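The values are calculated or read from the model by the stated rules, or taken from the named source; none is laboratory data. Worth saying up front: this structure is predicted, and the values here are computed from it rather than measured. Because the Cβ atoms are built from the backbone with ideal geometry, glycine has one as well, and the counts that use them run over all protein chains shown.
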Amino acid sequence: MATNFEGQKLVVIGGSSGMGRDAAADVVAGGGSVVIVGREQARVDETVAALSRDGKAYGIVADLADRAQVERVQRQLAEDHADATLLVNAAGFFIPRAFFEYDGDFYDSYLELSRAIFFLTQTVARAMVDGGRGGSIVNIGSMWAHQAIAATPSSAYSMAKAGVHALTHNLAIELAPHKIRVNAVAPAVVDTPLYEGFIPKDQIERTLHGFDAFHPIGRIGTARDIASTITFLLSPETDWVTGAIWNVDGGVMAGRN
């Protein structure tokens, strides 16, 4: 996407793979710089190296389930990247589990990620306000926040993503006076590493394509499908859009074949 991001810096929480990485690549291609926050050192290093071939990229490695590490990331962002005017919250994991099979630890894993996203967003948004340049935030929500799917029981994941949608609406109102826009995308089934938590890597492609017909368009999504919309929402081309939850889902929310 040939959007001009000259002089802008993007922070991507969960940016070392999938749609977050692709959105970061768009910003770098548009002349901006990026900060990649990811859990795995090797993935973060490889992503930063790839993006640095076209522009400036920085990496921060942290486990967002660890509150001490989240606080460290907050300090790093506040001290080293307070000039960021763009934020994408792309971190997430998805493990279907029946309601009666949850225990406290598994439930809390979703809670901790939501907490991390909340406070990292607070840190970046506060710097945007202090900098007085405005900004744009895009959250990754989910179709599962809108609908329950029998094939993929995911009550805690759905609760967490519904919270992301609610956070989007609330921050859009609170941050509008500071010229900061806040939007979200709600994907359906997308071919990303999100599913590695419960599907062996060598079976992901075949398993996900079993959901092709679930989407009226006839195929699952790609990271690029979602990233193109994220980049559009980050850009000045959507300067009058805030508080929106955009369904980028191959038509799933419109109905079924």
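Structure notes:
- Complete set of residues in the stretch 169-191 that are within 27 Å of PRO216 (Cα to Cα) and not acidic (Asp, Glu): ASN183, ALA184, VAL185, ALA186, PRO187, ALA188, VAL189, VAL190
- Among the candidates ALA227, ALA213, residue that is at pLDDT 95 or above and not basic (Lys, Arg): ALA227
- Of all the listed residues (THR152, THR207), the sole one being β-branched (Val, Ile, Thr), assigned to a helix (DSSP H, G or I) and either farther than 21 Å from ARG21 by Cβ or touching a residue at least 24 places away in the same chain (Cβ under 8 Å) (or both) is THR207.
- Filtered residues of the stretch 9-31 (kept if surrounded by fewer than 23 Cβ atoms within 10 Å (Cβ to Cβ) and either under 14 Å from LEU86 (Cα atoms) or of a type in the set (A, V, I, L, M, F, W, C) (or both)): LYS9, ALA25, VAL28, ALA29, GLY30, GLY31
- Looking across ILE226, ILE217, ILE173, one residue alone is surrounded by fewer than 21 Cβ atoms within 10 Å (Cβ to Cβ), assigned to a helix (DSSP H, G or I) and β-branched (Val, Ile, Thr). It is ILE173.
- Applying the set (1) closer than 22 Å to TRP246 by Cβ; (2) of a type outside the set (Gly, Ala, Ser); (3) in a helix (DSSP H, G or I); (4) modelled with pLDDT of 95 or more to LEU194 leaves exactly one unmet item: (4).
- Yes/no for ARG53 being surrounded by fewer than 17 Cβ atoms within 10 Å (Cβ to Cβ) and either within 26 Å of GLU196 (Cα to Cα) or of a type in the set (A, V, I, L, M, F, W, C) (or both): no
- Taken over the stretch 87-110, the criterion of being under 16 Å from the mean Cα position of the chain (by Cα) and in a helix (DSSP H, G or I) is satisfied by TYR110 alone.
- Residue check for GLN76: out of contact with any Pro (no Cβ under 7 Å at 6 or more places or on another chain) and either among the aliphatic types (A, V, I, L, M) or under 22 Å from ASP130 (Cα atoms) (or both): yes
- Residue match in the stretch 44-57 (condition: under 16 Å from the mean Cα position of the chain (by Cα) and closer than 21 Å to GLY131 by Cβ): no
- Number of the exception - ASP202 against (1) farther than 21 Å from GLY15 by Cα; (2) under 15 Å from the mean Cα position of the chain (by Cα); (3) at pLDDT below 95: (2)
- Scanning the stretch 54-69 for residues that are over 11 Å from ARG39 (Cα atoms) and not acidic (Asp, Glu) returns GLY55, LYS56, ALA57, TYR58, ARG67, ALA68.
Each row is one residue, and each column tells you yes or no for (1) of a type outside the set (Val, Ile, Thr); (2) at pLDDT below 95; (3) under 25 Å from ARG72 (Cβ atoms).
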| site | (1), (2), (3) |
| --- | --- |
| PHE94 | yes, yes, no |
| GLY131 | yes, no, yes |
| GLY135 | yes, no, yes |
| GLY141 | yes, no, no |
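- Filter result for ALA184 (farther than 26 Å from GLY38 by Cα, at pLDDT 95 or above and among the small types (Gly, Ala, Ser)): no
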